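S.K.: Dropping a structure here in structure tokens format, bear with me for questions.
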Amino acid sequence: MSRWFAPGTWWYALPLLLMAGPFMWVVPSVGAGFAIAGFAVLYFHRDPDRETPAAGYVSPADGTVSVVREEDGRLRVGVFMNVYHVHVNRAPTADAVQETTHVPGAHRPAFSKESDRNERLHVDFPDYRVTLIAGAFARRIHPYVEAGDTVERGERIGHISFGSRVDVLFPPSVTREDLLVERGDSVRAGETVLADP
């Protein structure tokens, strides 16, 4: 489905844009500040369509691969989203959602080691897990799916307002030999293939 902005964007942007009008007449510099902030919110929450490949586990987020590690025999890949990236997150492959779990926590910078204790949302599929992690400025994780939903590869599953990192915990069958990215690589949600077992 094509749309310009992530759901709920106008709740953030509209008050700023409405404040800009009156202030433009009274204190133009303040009005301009509100307008810039409002348009920045719209840009931050943009939601472009993507061309998803037919195979492999695609990236759940735009950004830079910041985590590649093994945990209990499974491979984890994390993608850090900077402020200029699209923050709508997508399903790595077609599957059914088994469970979504919100975990309260801190709001440390998403690129730091302390971010492992940040607020997060786990989206569990039968064989793998996607985790949306709030960062230093992120205060809202917005899931689009719930238990029982079926998603296609590259389908939108949520977004994080003003942050920050998304991890994929692959099934045990996915190994480092299947991995097509490494730390520091730039990736695009729904388009870049992270692993192709």
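S.K.: If you rank S161, S29 by how much accessible surface each has, with a 1.4 Å probe, what is the order from largest down?
M.R.: Numbers: S161 0, S29 90 Å².
Ranked list, largest accessible area first: S29, S161.
S.K.: Among T150, A94, V168, whose Cα lies farthest out toward the positive end of the dipole of segment 57-195, if unit charges sit on the beta carbon of Lys, Arg (+1) and Asp, Glu (-1)?
M.R.: Of the candidates, V168 comes out farthest on the positive side.
S.K.: Here's a follow-up. Which trypsin sites (Lys or Arg not before Pro) in segment 149-195 pass both tests, a DSSP loop state and at most 16 other beta-carbon atoms within 10 Å?
M.R.: Those that pass, being in a loop and sparsely packed, are R183.
S.K.: Quantify, in whole percent, the carbon and sulfur part of the accessible surface of segment 40-102 (1.4 Å probe; protein heavy atoms only).
M.R.: 50
S.K.: Here's something else I'd like to know. In what order, largest first, do Y57, Y84 sit by accessible area if the probe radius is 1.4 Å?
M.R.: In descending accessible area the options line up as Y84, Y57.
The values are calculated or read from the model by the stated rules, or taken from the named source; none is laboratory data. Note that this is a predicted model, so its numbers are computed, not measured. A quick note on method: Cβ atoms are made from the backbone with ideal geometry, for glycine too, and the neighbour counts reach across all protein chains shown. Surface accessibility is based on the protein's heavy atoms, side chains included, excluding ligands, DNA and RNA. Shrake-Rupley method; radii C 1.70, N 1.55, O 1.52, S 1.80 Å.
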